[in-house]
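Below is one structure; the comments refer to it alone.
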Amino acid sequence: MPFLAHFAPGGQPSGAFFLPFLEGLAAAMENRMPAALTADATLWANAVPRAARLVDARAIAVGVLPMIAAESFGATVVRVGANASVVARPDAPVSEPWCAAPLANLLETSRRLAETVRPERELAVFLSGPVTLSLALFGEMPSKSILEVLKAGLLRCLELICEARPDVVFIDEDWAGRSPEATPELRRFHNTLKNVAEYYGVGYGLRADGIADAPGAIASLSGLRVAHLMLGGDPEGALPDACAAAKAAAAAGWTSLGLPVAAGCDVDEALAACDSDAVAAYLCGAAQETDIEFLKSVGLGIRR
Amino acid sequence: MGFHVGIDIGGTFTDFCAIGDDGRITVYKTSTTHYDLSVGFMRGIRELAKRSGFRSQEYLAQVHALRYSTTVGTNALIERSGPKLGLITTAGFEDTIFIGRSRSWADGIPVHEARDIARIAKPAPLIDPDMVVGVRGRIDCNGRVVAPLSRKDVLEKLQTLVDRGAMGFVVSLMWSFLNPEHERMVKQIIEEEYPEDYLGAMPVTLSCEISPKCGEYTRTMTTVVNAYIHGIMAENLNKLGNELRDGGYKRPLILVHNTGGTKKVSRTKAVFTHNAGPVAGMHGAADLGELLARRNVVFTDMGGTSFDIGVIVDGELRAHDFLPVVDRWRTNIPAIEVKSIGAGGGSIAWINDLMGNALEVGPQSAGSMPGPACYDKGGREVTVTDADLVLGYLNPDNYLDGEMPLDVDLSRAAIDEKIAGPLGIGVLEAAYRVRRLVDARMGQEVFNEVALKGHDPRKFAVFACGGAGPTHACGFVPYIGARVAVVPAMAPVFGAFGASTMDIRQVWDVSRTIKLFRWDRQAYLDDLESFNHVVRELKDLSVRDLRLEGFSEDRIEFRLELDMRYGSQHNLTKVPAPRLILQGEDDVRELCELFTKLYSDIYSPEAAFPVGGINIECFYLAAMVRQERPEVHGEAPAGEEPAAAARIGSRPACFDPAVGMVEAPVFGWLSLAPGNVISGPALIEAPGTTYVIEPGWSYRMDAWRNGILQQQS
């Protein structure tokens, strides 16, 4: 039963489902560090579906590992497990980031997965957005001039991902505790990206991570006029209140809402929010998840 | 309730037009999805269903016919994505396709590139030189076998091609259109060696079946092009057919042919689908011309990528007088003549610094991705659409019925950066120059197309079609000396509209030289059977083919055309034969006189030279089965004054940069009634297009909701 496929024509997922982030688990199954995945498209494209089969995930997410794009845009990144931090910023962003690893490998992985995972599974690709890149490359929120610098590279990356025809692309933003604001420049930026995705018949969504006040952010980000929102955790990794988020998303007019879950959290509360009529909600990973029992139980919970 | 649906894929937009049994017409336009044409195709079908109040499955089940002018084959040629083919030809003629014909290096490229002789290059061949082999065996110019074909030799050459990786074979031997015996023997040998039930079976294409015509280069190239795109087209169309069947469509998919008709996919030769879209538009124009009692029509279609021009004389679509070019190859298919130039809404304006910073428009197009700057898909080039938007002609919130909002700021920024800045002029002035330049180019091409073919442009009605046609009609029509333009009601999707009303039709052709009037004896042909036999053969072929499509013989209409010329002349003139079968000398004389009359009309009576002899060189038999189409009823005219509700507002628009922006009234086309008259300056927003009524022009809606644009004297 397709869920993500409904995103493209501006529709809603046809019921509750779970989109886990399995790149960490896939790396563990291969006895490698996550950084090894991003360095090898063949490994990446083979390992993630294996992890999805193991936990019976109906959808595959790739590109959720942090700072993939920032590294390709020229930042020097140090990775510890599934986490990454920028240790040196480039003088100027790389002009053709899609040619540089690990983004080049993400593109190749997306192409391979788009050919192989369907019809059993659906595919969501995550690409760092202008806020994440601006913070990583310039250390500040994106101004008009920064957006101008980033636009061509990010646009081409999105185009190349869309050419592979995944079901949905999420622009992955980490606000790192800053208050999200839908500035006119940012709205225009997303409008351009959204138009490109629409041309390719690929769904377009926004993942918002590192936000302290989820209901406030949900309302504020609706100004970007993106239909689909997926929430992450707050800067400390705490998860938002699912019911409050669902209500806020309904009030702000989002078409769908991804509610993050992680091992140890109250999944029932998130499932209850999915069942409410407020907004078409579904479950997603809060971060890379390696607890196989938890991953299986969420899938089973939904199917029950 | 049933529907006839026409689909026309263009470089920028894919157009859809559905005509219901009740005569109701539904149209839709969407971006052409070059990465997979079926995505845009199915998107359009879903939208037509929605607009007709059905679910997609229910709608497709009710469709009588889907007529599709596809560009799959054209794309395969451009992308060179066809299979590796082997060519088997007569020994000694292996280099024919590489030598080419006349200045074949200039075929299929724009004039400005053809002039650049220093840098011009022959196109990369569709078949590599090492994939061409010559076999011994020879047939002479009378069709007699003068040297037998050697089976051993054929097997050896075949093995060579297979070893080199051939995935299919083209067989084109000398004089095979007169005697196909050797070509058929080669095919038999290949099929014996690689039978169909083996995985290694390979398709074999014979020139005597694809193009039984004189001229070894064009015959071979027609066959090569056909074989090159055949596999890809079959694969794509089968996939689409399956998708449609899964979606509820129960009938065969029908393809529009460049010969002016349609056939089922299963009965279509691939090469006949090239550039079929504009031909569908011309068919619609001929039908509409009949309705409006205008039999001489210049059909123009300004889309997103190209500007197509077709001339309809006396209600008839004319095939190419000379050999038509498919991609970069001169072929001899009997295609309807349509000229295309790179001038459309997406044509890019640029500064030519080598020509002293001259402003140029086209031929490059921004296409559907990234498209004009205002589409906001990352495009930064200035296009004609950007200029129209900045000039205030287009409503940014109502482009494609509001489905694609435009960003006028991006257009202004692009014009400022790329045109206005370098030229040192204002943005408005630059936009106006872009528009005027493209109008002049189109007007000049239309004039050339009509006048250089020996017609008087003043005797022709100009039909302005395409999404950008109504926006630019007032601009380019004056260049051909006309003061009136007709904008059909379905102008924005006219190719799709034409396709949805097309009949089943195919042309069978064969080269045969018959001397109708012998110069040495100054006498008419007495062996009438030599003529009638050829016609009967073509008729048998066509009847057999159409019977396989399920049509009985009594429904088939025939029309015969002949390529004729005076004795010892090189060029040919196409003559519609008044009758299929010649009964006596009077019929021969009638045909000769008709040829002389046509020749005199085109080249002047002084050029006619019947005493030099009159020959027929080629026969074209068109067989047609007319399709049912809903009746079109005109509406009773209302008054000249549009209803108050039709005036939906006003907006600033520029018709003269010296004056600047002026407030122009804006009307809604759907609220206008037949008989309404609007004087320029004014704008009319219609589904899929905007009419620009310039100052000094008026617009009148006729009984069928066509717009008549007239320049006041």
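The values are calculated or read from the model by the stated rules, or taken from the named source; none is laboratory data. Just so it is clear, the structure is predicted and the values come from calculations on it, not from any experiment. Ideal geometry is used to build each Cβ from the backbone, glycine not excepted, and the neighbour counts take in all protein chains shown. Side chains are part of the model used for accessible areas, which takes the heavy atoms of the whole protein and leaves out ligands, DNA and RNA. Shrake-Rupley method; radii C 1.70, N 1.55, O 1.52, S 1.80 Å.
Descriptive notes on the structure:
- Subset of the range A:165-183 (residues that are within 14 Å of chain B (Cβ to nearest Cβ) and of a type outside the set (Asp, Glu)): A:ARG165, A:PRO166
- Of all residues in the range B:289-303, one or more are assigned to a helix (DSSP H, G or I) and either within 14 Å of another protein chain (Cβ to nearest Cβ) or open to solvent by less than 20 Å² (accessible area, probe 1.4 Å) (or both).
- Some residue of the range B:615-630 being more than 28 Å from B:CYS141 (Cα to Cα), open to solvent by 20 Å² or more (accessible area, probe 1.4 Å) and outside any loop (DSSP other than H, G, I, E, B): yes
- In the range A:67-103, residue most open to solvent (accessible area, probe 1.4 Å) [restricted to those that are assigned to a loop (DSSP other than H, G, I, E, B) and within 18 Å of A:ALA47 (Cβ to Cβ)]: A:ALA101
- Test for B:GLU606: is it more than 30 Å from B:VAL510 (Cα to Cα) and open to solvent by 80 Å² or more (accessible area, probe 1.4 Å): yes
- Out of A:PRO119, A:PRO93, sole residue that is within 14 Å of chain B (Cβ to nearest Cβ) and not aliphatic (A, V, I, L, M): A:PRO119
For (1) open to solvent by 30 Å² or more (accessible area, probe 1.4 Å); (2) under 31 Å from the mean Cα position of the chain (by Cα); (3) farther than 23 Å from B:ASP301 by Cβ, each residue gets a yes or a no:
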residue	(1), (2), (3)
B:GLY634	yes, yes, yes
B:ALA644	yes, no, yes
B:ARG647	yes, no, yes
B:PRO657	yes, no, yes
B:TRP669	no, yes, no
B:THR689	no, yes, no
B:ASP702	no, yes, no
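- Index of the failed condition, B:ALA464 passing every other in (1) part of a helix (DSSP H, G or I); (2) crowded, with 21+ Cβ neighbours inside 10 Å: (1)
- Among the candidates A:LEU106, A:LEU123, the residue that is in contact (Cβ under 8 Å) with a residue 12 or more places away in the chain and assigned to a strand (DSSP E or B) is uniquely A:LEU123.
- For the range B:38-54, taking the residues that are within 12 Å of another protein chain (Cβ to nearest Cβ) and of a type in the set (A, V, I, L, M, F, W, C), the one that is surrounded by the most Cβ atoms within 10 Å (Cβ to Cβ) is identified as B:PHE41.
- Pairing residues of the range B:547-560 that are open to solvent by 80 Å² or more (accessible area, probe 1.4 Å) with residues that are not in a helix (DSSP H, G or I), at Cβ distances under 8 Å and at least 6 apart in sequence or on separate chains, gives B:ARG555/B:VAL625; B:ARG555/B:ARG626.
- Among the residues of the range B:258-269, the one identified as out of contact with any Pro (no Cβ under 9 Å at 6 or more places or on another chain), assigned to a strand (DSSP E or B) and surrounded by fewer than 24 Cβ atoms within 10 Å (Cβ to Cβ) is B:LYS263.
Per-residue answers, yes or no, for (1) under 17 Å from B:SER207 (Cα atoms); (2) open to solvent by 30 Å² or more (accessible area, probe 1.4 Å); (3) touching a residue at least 24 places away in the same chain (Cβ under 8 Å); (4) touching a His at 6+ places or on another chain (Cβ under 6 Å):
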| position | (1), (2), (3), (4) |
| --- | --- |
| B:ASN142 | no, yes, yes, no |
| B:VAL146 | no, yes, no, no |
| B:LEU155 | no, yes, yes, no |
| B:GLN159 | no, yes, no, no |
| B:ALA166 | no, no, yes, no |
| B:PHE177 | yes, no, yes, no |
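- Any chance B:VAL446 is open to solvent by less than 10 Å² (accessible area, probe 1.4 Å), farther than 30 Å from B:ARG267 by Cβ and not in a helix (DSSP H, G or I): no
- Exactly one residue out of B:VAL588, B:VAL535 is crowded, with 18+ Cβ neighbours inside 10 Å, within 16 Å of B:CYS618 (Cβ to Cβ) and modelled with pLDDT of 90 or more, and it is B:VAL535.
- In the range B:347-376, the residues that are part of a loop (DSSP other than H, G, I, E, B), closer than 30 Å to B:GLU663 by Cβ and away from chain A (no Cβ under 14 Å): none
- For the condition aliphatic (A, V, I, L, M) and over 34 Å from the mean Cα position of the chain (by Cα), B:ALA608 does not qualify.
Residues checked against (1) touching a strand residue (DSSP E or B) at 6+ places or on another chain (Cβ under 6 Å); (2) touching a residue at least 40 places away in the same chain (Cβ under 8 Å); (3) over 13 Å from A:PRO130 (Cα atoms); (4) part of a loop (DSSP other than H, G, I, E, B):
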{"residue": "A:ILE171", "(1), (2), (3), (4)": "yes, yes, no, no"}
{"residue": "A:ASN191", "(1), (2), (3), (4)": "no, no, no, no"}
{"residue": "A:GLY205", "(1), (2), (3), (4)": "yes, yes, yes, no"}
{"residue": "A:SER222", "(1), (2), (3), (4)": "no, yes, yes, no"}
{"residue": "A:ASP234", "(1), (2), (3), (4)": "no, yes, yes, yes"}
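- Taking the listed residues A:LEU158, A:LEU133, the one that is hydrophobic (A, V, I, L, M, F, W, C), within 13 Å of chain B (Cβ to nearest Cβ) and not in a loop (DSSP other than H, G, I, E, B) is A:LEU158, with no other qualifying.
- Flag if B:GLN506 is in contact (Cβ under 8 Å) with a residue 12 or more places away in the chain and closer than 19 Å to B:ARG67 by Cα: yes
- Conditions (1) within 25 Å of B:ILE336 (Cα to Cα); (2) open to solvent by 10 Å² or more (accessible area, probe 1.4 Å); number of the one not met by B:TRP519: (1)
- Hits in the range B:415-436 - residues which are assigned to a helix (DSSP H, G or I) and either among the β-branched types (Val, Ile, Thr) or touching a Cys at 6+ places or on another chain (Cβ under 8 Å) (or both): B:ILE415, B:ILE419, B:VAL427, B:LEU428, B:ALA431, B:TYR432, B:VAL434
- Subset of the range B:493-516 [in contact with a helix residue (DSSP H, G or I) (Cβ under 8 Å, 6 or more places away or on another chain), open to solvent by less than 10 Å² (accessible area, probe 1.4 Å) and under 17 Å from B:ASN706 (Cα atoms)]: B:PHE494, B:GLY495, B:ALA496, B:GLY498
- In the range B:568-583 there is no residue matching the filter, namely being surrounded by fewer than 12 Cβ atoms within 10 Å (Cβ to Cβ), among the aliphatic types (A, V, I, L, M) and modelled with pLDDT under 95.
- Top-ranked residue of the range A:184-217 - restricted to ones that are under 19 Å from A:GLY253 (Cα atoms) and of a type in the set (Gly, Ala, Ser), ranked as farthest from the other protein chains (Cβ to nearest Cβ): A:ALA214
- Candidate set from the range B:14-36 (those that are open to solvent by less than 20 Å² (accessible area, probe 1.4 Å) and within 16 Å of B:THR70 (Cβ to Cβ)); member that is farthest from the other protein chains (Cβ to nearest Cβ): B:CYS17
- Answer residue from the range B:377-405, given it is within 11 Å of chain A (Cβ to nearest Cβ) and under 25 Å from B:TYR691 (Cβ atoms) and is surrounded by the fewest Cβ atoms within 10 Å (Cβ to Cβ) among those: B:GLU403
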